[in-house]
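We did not get these values from a lab; they are worked out from the coordinates using the rules stated. A quick note: this is a predicted structure, and the numbers were derived from the prediction, not measured. Here Cβ is always computed from backbone atoms with ideal geometry, including for glycine, and neighbour counts include all displayed protein chains.
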Amino acid sequence: MERRSPPKARLLANIPSERVEYTAGDGSQPEAGDIVALDQGYIGPNGEPMGMVVCFNADGSIRWAGDVLDSEIEVLQ
């Protein structure tokens, strides 16, 4: 069975540090323009659509992981 990669998106805005899980990565800061893998979508505490995303280094290691508002990403085809 062929393994499919998760959908990808471009980060459109810097996200607040309280929504970044630094223990899951190498300590890098998220930056607008980062390409992220989409994980799971959910409804945030204020009813806004959000999702968990992971940003990888070229070698496949995790740079950072965090929670983004849908409006902070652009899904890539």
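Residues whose amide H falls under 5 Å from that of Ile73, counting only those 5 or more places apart or on a different chain, are Leu12, with hydrogens built in the peptide plane. What percent does the relative contact order of the stretch 8-75 come to when contacts are Cα pairs within less than 8 Å and at least six residues apart? Averaging sequence separation for qualifying contacts and normalising by length gives 40 percent for the stretch 8-75.
Of the trypsin sites (Lys or Arg not before Pro) found in the chain, those in coil by DSSP whose Cβ has at most 16 other Cβ atoms within 10 Å are Arg3, Arg4.
The modelled label-to-label distance between Glu2 and Asp59, using points 7 Å beyond Cα along the C-beta direction, is 2.9 nm. This structure gives P(r) over Cα pairs in 5 Å bins from 0, in percent, computed directly, and of [x] 3, 11, 8, 8, 8, 7, 7, 6, 7, 8, 7, 6, 5, 4, 2, 1; [y] 3, 14, 23, 17, 11, 8, 6, 6, 6, 4, 2, 0; [z] 3, 16, 28, 26, 16, 6, 3, 1 that value is listed as [z].
Extension gain, Leu69 to Arg10: 0.36 nm times the residue separation minus the Cα-Cα distance gives 20.0 nm.
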